[in-house]
Amino acid sequence: MTDQPLLKVTNLKKYFPIKGGILGRPVGEVKAVDDVSFDVFEGEVLGIVGESGCGKSTTGKALLRLIEPTAGGVHFQGKDITTLGTDEMRKVRRDMQIIFQDPYASLNPRHNIGKILSEPLLVHGLAEKKERTEKVHEILRIVGLPPEAADRYPHQFSGGQRQRIGIARALIVRPKLIICDEPVSALDVSIQSQILNLMEDLQEEFGLTYVFIAHDLSVVKHISDRIAVMYLGKIVELADRDDLYDRPLHPYTESLMSAVPEPDPDVKKERIVLEGDVPSPSDPPPGCPFHNRCPYVMDVCREKVPALEAVHVNHYAACHLHTEEGGDADASINHLKGEKA
Ligand SMILES: Nc1ncnc2c1ncn2[C@@H]1O[C@H](COP(=O)(O)OP(=O)(O)O)[C@@H](O)[C@H]1O
Ligand SMILES: [Mg+2]
(Lines give C-alpha, C1' and ligand atoms only; values in the text may rest on other atoms or scores of the structure.)
(Ligands and ions follow the chains in the order given, each with its own letter.)
Protein backbone atom coordinates (compact mmCIF):
# COMPACT_ATOMS: atom_id res chain seq x y z
CA MET A 1 0.00 0.00 0.00
CA THR A 2 1.15 3.51 -0.76
CA ASP A 3 0.34 6.71 1.14
CA GLN A 4 -1.49 8.34 -1.74
CA PRO A 5 -5.01 6.92 -1.89
CA LEU A 6 -6.06 5.28 -5.17
CA LEU A 7 -9.52 6.75 -4.64
CA LYS A 8 -10.29 9.84 -2.60
CA VAL A 9 -13.93 10.75 -2.07
CA THR A 10 -14.65 14.17 -0.65
CA ASN A 11 -18.01 15.48 0.55
CA LEU A 12 -19.92 13.34 -1.93
CA LYS A 13 -23.63 14.08 -2.17
CA LYS A 14 -26.41 12.65 -4.25
CA TYR A 15 -29.82 14.21 -3.81
CA PHE A 16 -32.67 12.83 -5.92
CA PRO A 17 -35.45 15.32 -6.61
CA ILE A 18 -38.95 14.28 -5.56
CA LYS A 19 -41.38 15.53 -8.18
CA GLY A 20 -44.97 16.24 -7.30
CA GLY A 21 -48.21 17.58 -8.70
CA ILE A 22 -49.29 17.49 -12.32
CA LEU A 23 -46.47 19.82 -13.34
CA GLY A 24 -43.86 17.51 -11.88
CA ARG A 25 -42.10 20.31 -10.08
CA PRO A 26 -39.55 19.28 -7.49
CA VAL A 27 -41.26 19.28 -4.10
CA GLY A 28 -38.40 17.90 -2.08
CA GLU A 29 -35.32 15.73 -2.30
CA VAL A 30 -34.09 12.35 -1.18
CA LYS A 31 -30.70 12.78 0.41
CA ALA A 32 -29.48 9.33 -0.66
CA VAL A 33 -25.81 10.21 -0.07
CA ASP A 34 -25.23 13.14 2.20
CA ASP A 35 -21.68 14.42 2.56
CA VAL A 36 -19.62 11.28 2.49
CA SER A 37 -15.80 11.33 2.51
CA PHE A 38 -13.36 8.42 2.54
CA ASP A 39 -10.11 7.19 1.04
CA VAL A 40 -9.40 3.83 -0.55
CA PHE A 41 -5.78 2.77 -0.72
CA GLU A 42 -4.25 0.64 -3.41
CA GLY A 43 -4.53 -3.06 -2.69
CA GLU A 44 -7.02 -2.74 0.14
CA VAL A 45 -10.62 -3.80 0.54
CA LEU A 46 -12.88 -1.15 1.98
CA GLY A 47 -16.18 -2.61 3.16
CA ILE A 48 -19.29 -0.44 3.19
CA VAL A 49 -22.18 -1.76 5.29
CA GLY A 50 -25.58 -0.53 6.38
CA GLU A 51 -29.26 -1.40 6.17
CA SER A 52 -31.08 -1.39 2.87
CA GLY A 53 -31.81 2.15 1.68
CA CYS A 54 -28.91 3.83 3.51
CA GLY A 55 -27.23 4.91 0.26
CA LYS A 56 -24.64 2.22 -0.45
CA SER A 57 -25.53 1.55 -4.09
CA THR A 58 -25.94 5.23 -4.82
CA THR A 59 -22.47 5.83 -3.39
CA GLY A 60 -21.03 3.00 -5.50
CA LYS A 61 -22.63 4.22 -8.70
CA ALA A 62 -21.71 7.85 -8.04
CA LEU A 63 -18.05 6.82 -7.73
CA LEU A 64 -18.18 5.61 -11.34
CA ARG A 65 -20.55 8.40 -12.39
CA LEU A 66 -23.16 5.85 -13.43
CA ILE A 67 -25.17 8.32 -11.36
CA GLU A 68 -23.94 11.91 -11.51
CA PRO A 69 -23.08 13.20 -8.04
CA THR A 70 -24.96 16.30 -6.88
CA ALA A 71 -21.78 17.62 -5.26
CA GLY A 72 -18.39 16.52 -4.05
CA GLY A 73 -15.16 15.17 -5.47
CA VAL A 74 -14.11 11.72 -6.62
CA HIS A 75 -10.37 11.65 -7.12
CA PHE A 76 -9.00 8.57 -8.84
CA GLN A 77 -5.20 8.34 -8.93
CA GLY A 78 -5.08 11.98 -7.88
CA LYS A 79 -7.41 13.28 -10.59
CA ASP A 80 -10.96 14.53 -9.97
CA ILE A 81 -13.08 12.48 -12.36
CA THR A 82 -16.35 14.31 -11.72
CA THR A 83 -15.46 16.94 -14.31
CA LEU A 84 -14.14 14.65 -17.05
CA GLY A 85 -15.74 14.54 -20.50
CA THR A 86 -17.13 11.36 -22.07
CA ASP A 87 -13.90 10.23 -23.76
CA GLU A 88 -11.71 10.77 -20.75
CA MET A 89 -14.30 9.12 -18.54
CA ARG A 90 -14.33 6.05 -20.80
CA LYS A 91 -10.58 5.68 -20.27
CA VAL A 92 -11.02 5.92 -16.51
CA ARG A 93 -13.76 3.27 -16.58
CA ARG A 94 -11.25 0.73 -17.78
CA ASP A 95 -9.55 1.09 -14.41
CA MET A 96 -12.74 1.31 -12.36
CA GLN A 97 -15.23 -1.50 -12.80
CA ILE A 98 -18.38 -2.56 -10.98
CA ILE A 99 -20.01 -5.88 -10.12
CA PHE A 100 -23.73 -5.82 -9.40
CA GLN A 101 -25.87 -7.73 -6.95
CA ASP A 102 -28.03 -9.28 -9.63
CA PRO A 103 -25.81 -10.50 -12.47
CA TYR A 104 -28.85 -11.74 -14.39
CA ALA A 105 -30.30 -8.25 -14.67
CA SER A 106 -26.97 -6.89 -15.84
CA LEU A 107 -26.18 -9.57 -18.45
CA ASN A 108 -27.87 -9.18 -21.83
CA PRO A 109 -30.03 -12.33 -22.18
CA ARG A 110 -29.75 -12.32 -25.99
CA HIS A 111 -25.95 -12.33 -26.06
CA ASN A 112 -23.83 -15.37 -25.45
CA ILE A 113 -21.14 -15.21 -22.80
CA GLY A 114 -18.39 -14.86 -25.41
CA LYS A 115 -20.04 -11.73 -26.74
CA ILE A 116 -20.77 -10.37 -23.27
CA LEU A 117 -17.14 -10.77 -22.24
CA SER A 118 -15.73 -9.46 -25.55
CA GLU A 119 -17.74 -6.27 -25.32
CA PRO A 120 -15.55 -4.47 -22.74
CA LEU A 121 -12.43 -5.40 -24.76
CA LEU A 122 -14.05 -3.88 -27.82
CA VAL A 123 -15.19 -0.72 -26.04
CA HIS A 124 -11.69 -0.12 -24.72
CA GLY A 125 -9.95 -1.27 -27.91
CA LEU A 126 -7.95 -3.83 -26.00
CA ALA A 127 -7.70 -6.77 -28.41
CA GLU A 128 -8.07 -7.89 -32.02
CA LYS A 129 -10.70 -10.51 -32.86
CA LYS A 130 -8.58 -13.64 -32.45
CA GLU A 131 -6.98 -12.34 -29.31
CA ARG A 132 -10.42 -11.52 -27.91
CA THR A 133 -11.43 -15.19 -28.04
CA GLU A 134 -8.23 -16.16 -26.26
CA LYS A 135 -8.79 -13.54 -23.61
CA VAL A 136 -12.38 -14.67 -23.10
CA HIS A 137 -11.26 -18.27 -22.59
CA GLU A 138 -8.51 -17.14 -20.27
CA ILE A 139 -10.84 -15.07 -18.09
CA LEU A 140 -13.40 -17.90 -17.96
CA ARG A 141 -10.68 -20.20 -16.65
CA ILE A 142 -9.64 -17.59 -14.09
CA VAL A 143 -13.17 -17.36 -12.67
CA GLY A 144 -13.61 -21.14 -12.72
CA LEU A 145 -15.75 -21.72 -15.83
CA PRO A 146 -15.00 -23.99 -18.82
CA PRO A 147 -14.21 -22.47 -22.26
CA GLU A 148 -17.50 -23.90 -23.62
CA ALA A 149 -19.32 -21.38 -21.43
CA ALA A 150 -18.51 -18.80 -24.11
CA ASP A 151 -21.10 -20.33 -26.45
CA ARG A 152 -23.93 -20.42 -23.92
CA TYR A 153 -26.44 -17.80 -22.77
CA PRO A 154 -26.98 -16.25 -19.33
CA HIS A 155 -30.16 -18.25 -18.57
CA GLN A 156 -28.21 -21.49 -18.94
CA PHE A 157 -26.18 -20.75 -15.82
CA SER A 158 -26.90 -20.91 -12.10
CA GLY A 159 -26.84 -17.79 -9.91
CA GLY A 160 -23.31 -18.48 -8.70
CA GLN A 161 -22.05 -19.12 -12.25
CA ARG A 162 -23.70 -15.94 -13.46
CA GLN A 163 -21.91 -13.99 -10.78
CA ARG A 164 -18.65 -15.58 -11.96
CA ILE A 165 -19.51 -14.20 -15.40
CA GLY A 166 -20.19 -10.78 -13.86
CA ILE A 167 -16.80 -10.92 -12.19
CA ALA A 168 -15.15 -12.03 -15.44
CA ARG A 169 -16.70 -9.10 -17.31
CA ALA A 170 -15.31 -6.64 -14.76
CA LEU A 171 -11.91 -8.31 -14.62
CA ILE A 172 -11.28 -8.83 -18.35
CA VAL A 173 -10.11 -5.24 -18.84
CA ARG A 174 -7.71 -5.65 -15.87
CA PRO A 175 -9.03 -2.78 -13.76
CA LYS A 176 -7.30 -1.38 -10.69
CA LEU A 177 -10.48 -0.86 -8.67
CA ILE A 178 -13.70 -2.86 -8.56
CA ILE A 179 -16.84 -1.62 -6.83
CA CYS A 180 -18.58 -4.76 -5.62
CA ASP A 181 -22.24 -3.94 -4.90
CA GLU A 182 -23.60 -6.77 -2.77
CA PRO A 183 -22.13 -9.39 -5.13
CA VAL A 184 -23.27 -12.34 -3.01
CA SER A 185 -26.50 -11.03 -1.48
CA ALA A 186 -28.74 -12.67 -4.08
CA LEU A 187 -26.99 -16.05 -3.86
CA ASP A 188 -27.72 -19.11 -1.75
CA VAL A 189 -25.72 -19.11 1.46
CA SER A 190 -23.91 -22.27 0.33
CA ILE A 191 -22.71 -20.48 -2.83
CA GLN A 192 -21.85 -17.18 -1.13
CA SER A 193 -18.60 -18.39 0.38
CA GLN A 194 -17.42 -19.86 -2.94
CA ILE A 195 -17.87 -16.50 -4.66
CA LEU A 196 -16.32 -14.62 -1.73
CA ASN A 197 -13.31 -16.94 -1.80
CA LEU A 198 -12.94 -16.44 -5.54
CA MET A 199 -13.08 -12.67 -5.12
CA GLU A 200 -10.47 -12.80 -2.39
CA ASP A 201 -8.16 -14.95 -4.51
CA LEU A 202 -8.55 -12.61 -7.48
CA GLN A 203 -7.88 -9.57 -5.32
CA GLU A 204 -4.59 -11.07 -4.25
CA GLU A 205 -3.60 -12.47 -7.62
CA PHE A 206 -4.25 -9.28 -9.55
CA GLY A 207 -3.44 -6.79 -6.81
CA LEU A 208 -6.96 -5.40 -7.01
CA THR A 209 -8.55 -2.78 -4.82
CA TYR A 210 -12.17 -3.35 -3.82
CA VAL A 211 -14.94 -1.21 -2.46
CA PHE A 212 -17.08 -4.03 -1.13
CA ILE A 213 -20.70 -3.18 -0.35
CA ALA A 214 -22.96 -5.38 1.79
CA HIS A 215 -25.94 -4.98 4.10
CA ASP A 216 -24.59 -7.60 6.41
CA LEU A 217 -21.49 -7.28 8.57
CA SER A 218 -20.78 -11.01 8.44
CA VAL A 219 -20.27 -10.85 4.66
CA VAL A 220 -17.65 -8.09 4.76
CA LYS A 221 -15.89 -9.28 7.89
CA HIS A 222 -13.45 -11.65 6.30
CA ILE A 223 -12.66 -9.78 3.11
CA SER A 224 -12.33 -6.18 4.36
CA ASP A 225 -9.25 -4.37 5.62
CA ARG A 226 -11.30 -1.39 6.76
CA ILE A 227 -15.03 -0.93 7.10
CA ALA A 228 -17.29 2.10 6.74
CA VAL A 229 -20.72 1.91 8.34
CA MET A 230 -23.44 3.96 6.65
CA TYR A 231 -26.71 5.17 8.10
CA LEU A 232 -29.20 7.38 6.27
CA GLY A 233 -26.76 8.63 3.64
CA LYS A 234 -23.86 9.25 6.01
CA ILE A 235 -20.82 7.37 7.23
CA VAL A 236 -21.28 6.99 10.98
CA GLU A 237 -18.19 4.90 11.70
CA LEU A 238 -15.00 4.03 9.84
CA ALA A 239 -12.23 1.83 11.20
CA ASP A 240 -9.83 -1.01 10.64
CA ARG A 241 -11.80 -4.23 10.46
CA ASP A 242 -10.56 -5.75 13.73
CA ASP A 243 -10.90 -2.47 15.57
CA LEU A 244 -14.49 -2.12 14.40
CA TYR A 245 -15.40 -5.63 15.51
CA ASP A 246 -13.50 -5.50 18.80
CA ARG A 247 -14.69 -2.11 19.93
CA PRO A 248 -17.47 -0.57 17.91
CA LEU A 249 -17.93 3.07 18.87
CA HIS A 250 -21.25 3.92 17.26
CA PRO A 251 -24.44 2.47 18.79
CA TYR A 252 -25.67 1.69 15.27
CA THR A 253 -22.56 -0.39 14.56
CA GLU A 254 -23.05 -2.09 17.90
CA SER A 255 -26.56 -3.09 16.93
CA LEU A 256 -25.45 -4.37 13.50
CA MET A 257 -22.74 -6.34 15.24
CA SER A 258 -25.18 -7.94 17.66
CA ALA A 259 -27.03 -9.37 14.66
CA VAL A 260 -23.95 -11.26 13.41
CA PRO A 261 -24.15 -14.90 14.49
CA GLU A 262 -21.49 -15.82 17.04
CA PRO A 263 -19.54 -18.92 15.97
CA ASP A 264 -18.36 -19.68 19.54
CA PRO A 265 -21.34 -21.12 21.51
CA ASP A 266 -19.63 -20.27 24.84
CA VAL A 267 -19.71 -16.57 24.07
CA LYS A 268 -23.00 -15.07 25.21
CA LYS A 269 -24.15 -12.23 23.08
CA GLU A 270 -27.00 -9.88 23.66
CA ARG A 271 -29.04 -9.12 20.58
CA ILE A 272 -29.77 -5.41 20.38
CA VAL A 273 -33.06 -4.84 18.64
CA LEU A 274 -33.43 -1.27 17.49
CA GLU A 275 -36.69 0.50 18.17
CA GLY A 276 -38.31 2.81 15.68
CA ASP A 277 -38.04 2.92 11.92
CA VAL A 278 -35.26 4.20 9.71
CA PRO A 279 -36.30 7.81 9.05
CA SER A 280 -36.96 8.80 5.46
CA PRO A 281 -33.93 10.23 3.65
CA SER A 282 -36.27 12.89 2.28
CA ASP A 283 -37.05 14.06 5.79
CA PRO A 284 -34.09 13.23 8.02
CA PRO A 285 -34.45 14.12 11.71
CA PRO A 286 -32.56 17.13 13.08
CA GLY A 287 -29.34 16.42 14.95
CA CYS A 288 -27.91 12.92 14.78
CA PRO A 289 -29.72 10.87 12.10
CA PHE A 290 -29.76 7.90 14.48
CA HIS A 291 -31.10 9.66 17.58
CA ASN A 292 -34.69 8.37 17.36
CA ARG A 293 -33.47 4.76 17.55
CA CYS A 294 -30.45 5.16 19.80
CA PRO A 295 -30.53 3.51 23.22
CA TYR A 296 -28.06 6.12 24.53
CA VAL A 297 -29.72 9.27 23.16
CA MET A 298 -28.83 12.54 24.93
CA ASP A 299 -30.24 16.06 24.52
CA VAL A 300 -27.38 17.17 22.30
CA CYS A 301 -28.15 14.34 19.86
CA ARG A 302 -31.53 15.84 19.02
CA GLU A 303 -30.00 19.20 18.15
CA LYS A 304 -26.55 18.87 16.71
CA VAL A 305 -25.28 16.66 13.88
CA PRO A 306 -22.19 14.83 15.16
CA ALA A 307 -19.18 15.10 12.86
CA LEU A 308 -17.18 12.05 11.82
CA GLU A 309 -14.10 12.45 14.01
CA ALA A 310 -11.11 10.34 14.98
CA VAL A 311 -11.81 8.85 18.41
CA HIS A 312 -8.81 6.52 18.32
CA VAL A 313 -6.02 6.33 15.77
CA ASN A 314 -7.64 5.48 12.42
CA HIS A 315 -10.99 4.91 14.11
CA TYR A 316 -13.64 7.48 13.24
CA ALA A 317 -17.13 7.83 14.64
CA ALA A 318 -19.92 10.36 14.27
CA CYS A 319 -21.50 10.11 17.71
CA HIS A 320 -21.92 12.54 20.58
CA LEU A 321 -20.88 9.84 23.04
CA HIS A 322 -17.43 10.60 21.67
CA THR A 323 -17.57 14.36 21.00
CA GLU A 324 -16.83 17.32 23.25
CA GLU A 325 -20.52 18.21 23.35
CA GLY A 326 -21.46 14.81 24.65
CA GLY A 327 -18.24 14.46 26.66
CA ASP A 328 -19.94 14.21 30.06
CA ALA A 329 -22.10 11.31 28.88
CA ASP A 330 -23.25 8.93 31.58
CA ALA A 331 -20.61 6.48 32.84
CA SER A 332 -22.94 3.60 32.01
CA ILE A 333 -22.06 3.94 28.35
CA ASN A 334 -18.31 3.78 28.98
CA HIS A 335 -18.14 0.22 27.73
CA LEU A 336 -18.92 1.65 24.33
CA LYS A 337 -15.89 3.85 24.35
CA GLY A 338 -13.23 1.19 24.72
CA GLU A 339 -9.75 2.35 25.59
CA LYS A 340 -8.38 5.55 24.21
CA ALA A 341 -5.50 4.90 21.86
N1 LIG B 1 -33.05 6.88 -8.93
C2 LIG B 1 -33.54 7.19 -7.73
N3 LIG B 1 -34.50 8.14 -7.59
C4 LIG B 1 -34.99 8.46 -6.37
N5 LIG B 1 -34.57 7.92 -5.21
C6 LIG B 1 -33.63 6.97 -5.28
C7 LIG B 1 -33.06 6.54 -6.52
N8 LIG B 1 -32.13 5.59 -6.27
C9 LIG B 1 -32.13 5.41 -4.93
N10 LIG B 1 -33.02 6.24 -4.33
C11 LIG B 1 -33.27 6.35 -2.87
O12 LIG B 1 -32.05 6.66 -2.26
C13 LIG B 1 -31.92 5.98 -1.02
C14 LIG B 1 -30.66 5.14 -1.03
O15 LIG B 1 -30.82 4.07 -1.96
P16 LIG B 1 -29.66 3.02 -2.28
O17 LIG B 1 -28.41 3.76 -2.58
O18 LIG B 1 -30.16 2.09 -3.30
O19 LIG B 1 -29.49 2.28 -0.87
P20 LIG B 1 -28.82 0.86 -0.53
O21 LIG B 1 -27.99 0.43 -1.68
O22 LIG B 1 -28.03 1.13 0.71
O23 LIG B 1 -29.95 -0.08 -0.25
C24 LIG B 1 -33.20 5.19 -0.84
O25 LIG B 1 -34.09 5.95 -0.06
C26 LIG B 1 -33.70 5.04 -2.24
O27 LIG B 1 -35.11 4.92 -2.27
MG1 LIG C 1 -28.06 -1.36 -2.78
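Odds and ends about this structure:
- Any hit, region 64-72, residues being surrounded by fewer than 17 Cβ atoms within 10 Å (Cβ to Cβ) and within 16 Å of ligand 2 (Cβ to nearest atom): yes
- If you go through region 197-236 and keep only what is modelled with pLDDT under 95 and out of contact with any Gly (no Cβ under 9 Å at 6 or more places or on another chain), you end up with Asp216, Ser218, His222.
- Arg162 being more than 16 Å from ligand 1 (Cβ to nearest atom), out of contact with any Phe, Trp or Tyr (no Cβ under 7 Å at 6 or more places or on another chain) and either within 17 Å of Arg93 (Cβ to Cβ) or modelled with pLDDT of 95 or more (or both): no
- Output for region 78-107, where each listed residue is over 19 Å from the mean Cα position of the chain (by Cα), within 14 Å of Lys8 (Cβ to Cβ) and in contact (Cβ under 8 Å) with a residue 40 or more places away in the chain: Gly78
- For region 67-97, filtering for residues that are part of a helix (DSSP H, G or I) and in contact with a Pro (Cβ under 9 Å, 6 or more places away or on another chain) leaves 4.
- Scanning region 173-212 for residues that are assigned to a helix (DSSP H, G or I) and more than 30 Å from Gly78 (Cβ to Cβ) turns up Val189, Ser190, Ile191, Gln192, Ser193, Gln194, Ile195, Leu196, Asn197, Leu198.
- When the residues of region 213-233 are filtered to those that are away from ligand 2 (no atom under 16 Å from the Cβ) and assigned to a strand (DSSP E or B), the one that is farthest from the chain's Cα centre (by Cα) is Arg226.
- Residue match in region 87-94 (condition: modelled with pLDDT under 95, within 16 Å of ligand 2 (Cβ to nearest atom) and not acidic (Asp, Glu)): no
- Restricting region 173-214 to residues that are of a type in the set (D, E, K, R) and away from ligand 1 (no atom under 16 Å from the Cβ), the residue that is surrounded by the most Cβ atoms within 10 Å (Cβ to Cβ): Lys176
- Scanning region 1-60 for residues that are at pLDDT below 95, away from ligand 2 (no atom under 16 Å from the Cβ) and polar (S, T, N, Q) gives Thr2, Gln4.
- Of the residues making up region 155-172, one or more are within 16 Å of ligand 2 (Cβ to nearest atom) and in a helix (DSSP H, G or I).
- Condition met for Phe76 (of a type in the set (Phe, Trp, Tyr), surrounded by 15 or more Cβ atoms within 10 Å (Cβ to Cβ), under 19 Å from Ala228 (Cβ atoms) and within 16 Å of ligand 1 (Cβ to nearest atom)): no
- Check on Gln101, at pLDDT below 95, touching a strand residue (DSSP E or B) at 6+ places or on another chain (Cβ under 7 Å) and assigned to a loop (DSSP other than H, G, I, E, B): yes
- Residue within region 286-302 that is within 16 Å of ligand 1 (Cβ to nearest atom), surrounded by 22 or more Cβ atoms within 10 Å (Cβ to Cβ) and not in a loop (DSSP other than H, G, I, E, B) present: no
The values are calculated or read from the model by the stated rules, or taken from the named source; none is laboratory data. These numbers were taken from a predicted model, which means no experiment stands behind them. No Cβ is skipped: glycine too gets one built from the backbone with ideal geometry, and neighbour counts run over all protein chains shown.
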